[in-house]
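Below is one structure; the comments refer to it alone.
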Amino acid sequence: MEKVCYNNFMKILVYSDVHGNKYALEKLQKTQDYKNADLRVFIGDAVAMCPYPNECLEKIWQSGDVFLLGNHDSYCAYGLPEEEYAYFKADKKEHQSYMRNKTLPEYREKLKSVPKDYYFECDGVKFYFTHYAWETERLVMDDPDDPNAPTVKMAELFDNISADYIIFGHNHKPAEFMIGNKKFVCVGSLGMKYPGNYIVIDIENGTVKIERKKIYFNVERLKADMIKENYPRAISYSKWFDQE
């Protein structure tokens with residue numbers, strides 16, 4: 001997907017890795033940042049981990065936001081690819097199967113048509129949005145670095161991308177770094193961190209400003225929902241919200 005804009009000023013909101021957390025998504029959609037954005041881009045992983053895949057998919061699709069595919073969305077649409085299946089532990093396979101079966105069949109089918117990336121140009125500044133670097137049609141690359149401290153090795157995965165800014169998710173902890181003439185921005189996770197993360201990009205006459213934002217949602221209610229449903233990995237994933 002590609003779009004060119006010639007406005008003197010534009011506001012873009014970007015979020016990622018909702019992972020079935022409807023509480024975080026609902027709070028985001030009520031913010032003035034969300035309501036006032038000229039363009040909103042969701043860069044993947046609407047499902048898995050938290051217990052509301054259908055609610056999150058529906059809210060994102062109904063919003064009109066640009067929706068890009070994440071690796072968990074791909075698992076939901078097609079099942080685990082053979083390359084991943086051999087490395088997943090039994091409870092992780094059970095979790096993926098549970099969440100895929102919980103997702104409405106029509107939503108699983110619709111996910112198959114979701115694009116993997118989005119090019120956007122405004123005032124001569126080029127942006128590239130994606131969940132992460134894709135190795136195949138269904139599999140993202142292995143991260144060559146510590147995901148919380150990406151380096152040149154990670155940037156090399158995007159060598160073929162012609163853009164000034166490369167905006168991605170997948171790694172749940174936010175990061176920002178410059179490699180050569182490209183600015184890399186990891187948005188972080190809206191749904192699997194507390195507080196959740198998103199970014200706002202302001203573009204004015206070719207000048208770009210990126211602001212990191214936080215979302216505070218009812219994390220205790222979410223954890224209680226996860227434990228009550230008691231699906232595979234629910235308890236271990238609920239503990240992620242107690243981590244920095």
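The values are calculated or read from the model by the stated rules, or taken from the named source; none is laboratory data. Please read these numbers as outputs of a predicted model, since none were measured by experiment. Please note: Cβ atoms are built from the backbone with ideal geometry, for glycine as well, and neighbour counts cover all protein chains shown.
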**Out of 208, 185, sole residue that is under 21 Å from residue 70 (Cα atoms) and either touching a residue at least 60 places away in the same chain (Cβ under 8 Å) or outside any loop (DSSP other than H, G, I, E, B) (or both)** = 185
**Item:** Search result, residues across the range 190-212 that are surrounded by fewer than 18 Cβ atoms within 10 Å (Cβ to Cβ) and either out of contact with any strand residue (DSSP E or B) (no Cβ under 9 Å at 6 or more places or on another chain) or not hydroxyl-bearing (Ser, Thr, Tyr) (or both)
**Value:** 195, 202, 204, 205, 206, 208, 209, 210, 211, 212
**Asked** Can you tell which of 78, 23 is of a type in the set (Ser, Thr, Tyr), touching a residue at least 60 places away in the same chain (Cβ under 8 Å) and surrounded by fewer than 18 Cβ atoms within 10 Å (Cβ to Cβ)?
**Response** 78
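Quick grid of which residues meet (1) farther than 16 Å from residue 110 by Cβ; (2) at pLDDT below 95; (3) of a type outside the set (Asp, Glu):
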position: 12; (1), (2), (3): yes, no, yes
position: 24; (1), (2), (3): yes, no, yes
position: 50; (1), (2), (3): yes, no, yes
position: 55; (1), (2), (3): no, no, no
position: 63; (1), (2), (3): no, no, yes
position: 73; (1), (2), (3): no, no, no
position: 80; (1), (2), (3): yes, yes, yes
**Prompt:** Which residues, counting only those in the range 12-32, are among the acidic types (Asp, Glu) and closer than 19 Å to residue 68 by Cβ?
**Reply:** 17
**Asked** Quick one: how many residues across the range 22-57 are assigned to a helix (DSSP H, G or I) and under 18 Å from residue 218 (Cα atoms)?
**Response** 11
**Fill in**
Scanning the range 122-138 for residues that are surrounded by 13 or more Cβ atoms within 10 Å (Cβ to Cβ), outside any strand (DSSP E or B) and touching a residue at least 60 places away in the same chain (Cβ under 8 Å) gives 123, 131, 132, 138
**Prompt:** Quick one: residue 237 ticks every box in (1) touching a Ser or Thr at 6+ places or on another chain (Cβ under 6 Å); (2) outside any loop (DSSP other than H, G, I, E, B); (3) not small (Gly, Ala, Ser) bar one, so which box is it?
**Reply:** (1)
**Residue selected from the range 213-226 under the condition assigned to a helix (DSSP H, G or I) and in contact with a helix residue (DSSP H, G or I) (Cβ under 6 Å, 6 or more places away or on another chain), by the criterion surrounded by the fewest Cβ atoms within 10 Å (Cβ to Cβ)** = 219
**Complete:** Checking 119, 98, 75 in turn, the sole residue that is farther than 18 Å from residue 16 by Cα and either among the aromatic types (Phe, Trp, Tyr) or in a helix (DSSP H, G or I) (or both) turns out to be 98
